[in-house]
1. Nothing charged except the Cβ atoms of Lys and Arg (+1) and of Asp and Glu (-1): what's the magnitude of the dipole of region 1-72 about its Cα centre? Round to the nearest 20 debye.
2. K157: which lysines have alpha carbons under 21 Å from its alpha carbon, excluding same-chain residues fewer than 8 sequence positions away?
3. Only helical DSSP H runs with n ≥ 4 go in: add -39500 (n - 2.57) per run for the chain, normalise by residue count and round the 222 nm mean residue ellipticity to 500 deg cm²/dmol.
4. List the aspartates and glutamates whose Cα sits under 20 Å from the Cα of K17, skipping any in the same chain fewer than 8 residues away.
5. What is the percent carbon and sulfur in the accessible area of the chain, measuring with a 1.4 Å probe over the protein chains and ignoring ligands?
6. Placing +1 at every Lys and Arg Cβ and -1 at every Asp and Glu Cβ, with all other atoms neutral, what dipole size does region 23-180 have around its Cα centre, in debye to the nearest 20?
7. With a length cut of 24 Å (Cα positions projected on each helix's long axis) and a Kyte-Doolittle mean of at least 0.5, go through the chain and give me the DSSP H helices that pass.
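The values are calculated or read from the model by the stated rules, or taken from the named source; none is laboratory data. Nothing here was measured: the structure is a model prediction, and the numbers come from that model. Note that each Cβ is placed from the backbone with ideal geometry, even for glycine, and that neighbours are counted across all protein chains shown. These accessible areas exclude ligands, DNA and RNA; they are computed on the full protein's heavy atoms, side chains included. Shrake-Rupley method; radii C 1.70, N 1.55, O 1.52, S 1.80 Å.
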Amino acid sequence: SAARYFMAAAMQMESVKLDYEELLEKNTQLQASEERYRELTASLERRVAEQVRTIEATQRQHYQTEKLASVGQLAAGVAHEINNPLGFVRSNLNSAAVYVAQFDKLGALIRSGQDSAALAAAWQREQMDQVLVDFPVLLQESINGVVRVAEIVSALKDFSSIDQAEETTADINRLLQNAC
């Protein structure tokens, strides 16, 4: 009975020893697996961080590109808005130069002592009645055009706050209406 007890105890010890060695081996494998997991996790985190940096850089570049495109569109719109009044001011000034030349011709006739019939004929030939009607209109259109250009420049200066040295509160709605 004692021999059977020792034999059973030895078998039990052998079984426990084998189970213990098997558990130690599984523990070693789990630790190795856990180490690989940590390495993979660290590698993934590095790759994700790199991708995030790449995406952020691309987004910043895209934002800058859109900002430049918006500035280009704004500049084109401003150029168009300024070019229109400048075009008719230029045209009016060319017409005014022709009118001044016509007045100069009449002035030369007056200074030469021409009679009133010759002056009246020159007046008709040069269409001076039309010049006297058109000239004030040209001047007023030119003044309005220059005022319009000044308003555009003023609105842009207000929008950009270029004349202000420090930060101040602003009415965004008014600024946007002026800029538009």
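1. Computed charge dipole of region 1-72: roughly 320 debye.
2. Within reach: K67.
3. Rounded to the nearest 500, the figure is -33000 deg cm²/dmol.
4. E25
5. 59 percent
6. That gives a dipole near 380 debye.
7. 128-160
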